[in-house]
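After the structure tokens below, expect a handful of questions from me.
Just so it is clear, none of the values below were taken in a lab; they were calculated from the coordinates. Fair warning: this is a prediction, and the values are worked out from it, not measured in the lab. Here Cβ is always computed from backbone atoms with ideal geometry, including for glycine, and neighbour counts include all displayed protein chains.
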Amino acid sequence: MDTNRKMTRRLGIYLFVMAWYQIVFYLVWLSRIGHDWLFLLDPRLGARLFESTLLGTEIGAPGVLCWISALGLLVVASLMLIAGRGLKLYLGVESLFSVPTIFTFAWIVIARIGSPEGFPLLLVVPPIAVFIVFSVLPYGVAVRILAGSPADLSILPSRVVTKTEPIQA
């Protein structure tokens, strides 16, 4: 088995766990246990707010977009886990479902800047942390695998190779 396929399967395992986290999270949310603060841990916070805006009403529970994103991620993660393929599909799906969350974070920052009261920025830290773990890190790993460098998944290069040649006069 080649390295890219192996790394794709490992990423598939991670995404499979994240998809089940999202599904279980929404089921717990529907049971109304600790409903007041659960939105802070929603990996698709932006999808719920986007859907609320479209419908013109506040949705207290995960909406259709949240469930579609959870099930879509589960399908893509299963494909990656079983076949060792599907990185481009994952990147497309993740890009699509991350956009509302990114816009939500941008809206919160803009609202904070434009208003003296604004939205407390400390309240945004948990959703940003969830977004990084749920979306940003696996997205970066998928890009690295596609780029052909799965052995070194760090953001910074592990070593720098420089070659200097003498100046000829």
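Between LEU30 and LEU122, what is 0.36 nm times their sequence separation minus the Cα-Cα distance? Round to one decimal in nm.
30.6 nm
Additional query: For a Förster distance of 30 Å, can you work out the FRET efficiency between the beta-carbons of ALA61 and ILE132, rounded to the nearest 0.05?
0.75
Apply the Karplus parameterisation 6.51 cos²θ - 1.76 cosθ + 1.60, with θ equal to phi minus 60°, to every residue of the range 18-32 and state each ³J(HN,Hα) to the nearest whole Hz, in sequence, with x for glycine and proline.
After applying 6.51 cos²θ - 1.76 cosθ + 1.60, I find 5, 5, 5, 4, 5, 5, 5, 4, 5, 5, 5, 4, 5, 6, 6 Hz.
Identify, among LEU30, GLY12, ALA129, the residue whose Cα sits farthest towards the positive end of the charge dipole of the range 3-146, taking +1 on the Cβ of Lys and Arg and -1 on the Cβ of Asp and Glu, with the dipole about the Cα centre.
Of the listed residues, the answer is GLY12.
Could you line up LYS88, LYS6 from fewest to most neighbouring Cβ atoms inside 10 Å?
LYS88, LYS6
Taking the mean number of other Cβ atoms within 10 Å as a proxy for protection, how do you rank 61-67, 123-129, 42-48 from highest to lowest?
42-48, 61-67, 123-129
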